[in-house]
Amino acid sequence: MSTDNFFEENIVLENDIARLEPLEEKHFEHLLPLALDRSLWLYTINKINTEADFRTYFDTAVNERTQQLSYPFAIFDKAFNKYAGSTRYHTISFPNKRVEIGQTWIHSYFHGSGLNKACKFLLLSFGFDELHLNRIELKTNNLNKRSQKAMLKIGAVQEGILRRHIINDDGTIRDTVYFSFIAEEWNTIRNTVFKEF
């Protein structure tokens, strides 16, 4: 796929477990009840406490696609036949063949189901196989040990910690742990970590 019209494309990614759909207004009502679970936002930059908070978060995601800053997706769980959360490609640098997978949140009801792994496989596959990227990044709060463990489990390489990296919505300062996948490693990771797909 050419990256020239990436943001205009209607990109739908799916496998037997998950479907990623371009985020649009119709998803708001499905995702709002899930997003109001405050535990989802404990380690994130954005803090969602009210419907208004989520409206701002949601509109920002949709507008970032228009501005060619990110490409957000709604996550649909096929087994439960329900929307489960959201994720996106962002920090996109096509001249450097690099993107970040992030702003991912999945309601705890779907944790342990394999949904997150299925979504990561879709995003990694599309990134390396269709967009021909050299590098895909992930990052998380240094306090979020669960997320770090999950990233390592799917074959990401921890690169380091950026100290006092981000000021969260609530004014707290976070250290950020960076992880990555690179193109040269992808075939091995796909055939081992993601072999069920």
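The values are calculated or read from the model by the stated rules, or taken from the named source; none is laboratory data. Computed from a predicted model, the values in this text were never measured in an experiment. Quick reminder, even Gly has a Cβ in these numbers, built from the backbone with ideal geometry, and neighbours come from all protein chains shown. Ligands, DNA and RNA are excluded from the accessible area calculation, which covers all protein heavy atoms including side chains. Shrake-Rupley method; radii C 1.70, N 1.55, O 1.52, S 1.80 Å.
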Quick check: from the Cα gyration tensor, does segment 90-166 come out rounded (a/c under 1.5), prolate or oblate?
oblate
With a 1.4 Å probe and every protein chain kept in, tell me what percent of the accessible surface of segment 25-169 is carbon plus sulfur.
50
In order through segment 113-126: 3J(HN,Hα) via Karplus (6.51 cos²θ - 1.76 cosθ + 1.60), integer Hz, x for Gly, Pro
8, x, 5, 4, 4, 4, 5, 4, 4, 4, 5, 5, 4, 5
Determine the per residue accessible area of segment 47-185 with all protein chains present and a 1.4 angstrom probe, expressed in square angstrom.
48
Taking the chain and counting helices only, DSSP H stretches of n ≥ 4 at -39,500 (n - 2.57) each over all residues, the nearest-500 ellipticity at 222 nm comes to -8500 deg cm²/dmol
HN-Hα J in Hz across segment 58-69 - Karplus 6.51, -1.76, 1.60, θ = phi - 60°, x for Gly and Pro:
5, 5, 4, 4, 5, 5, 5, 5, 4, 7, 6, 9
Cα-Cα pairs above 21 Å in segment 1-86: how many percent?
34
For a Förster distance of 35 Å, can you work out the FRET efficiency between the beta-carbons of LEU152 and ASP16, rounded to the nearest 0.05?
0.90
Spelling out what I want: for every residue of segment 44-51, take phi, set θ = phi - 60°, compute 6.51 cos²θ - 1.76 cosθ + 1.60 (Karplus), and round to whole Hz; glycine and proline get x.
8, 5, 7, 10, 9, 10, 9, 4
Would you mind pulling out the separation of the Cα centroids of segment 112-128 and segment 17-49, in Å?
17
Of ALA35, ASN49, ASN142, which is farthest towards the positive pole of the chain's charge dipole, taken about the Cα centre with +1 and -1 on the beta-carbons of Lys, Arg and Asp, Glu respectively?
ASN142
If you place +1 on the Cβ of every Lys and Arg, -1 on the Cβ of every Asp and Glu, and leave all else neutral, what size is the dipole of segment 35-119 about its Cα centre, to the nearest 20 Debye?
280
How much length is gained if the chain between ASN63 and ASN191 is pulled fully straight, taking 0.36 nm per residue apart and subtracting their Cα-Cα distance, in nm to one decimal?
42.5 nm
Roughly how big is segment 1-55's charge dipole about its Cα centre, with Cβ charges of +1 (Lys, Arg) and -1 (Asp, Glu), in debye to the nearest 20?
380
Taking the Cα atoms of segment 31-78 alone, what are Rg (to one decimal) and Dmax (as a whole number) in Å?
11.5, 30
Note: probe point = Cα of ILE182 + 7 Å toward Cβ; backbone nitrogen < 20 Å; residues of segment 99-131 passing the test are 99-101, 124-131
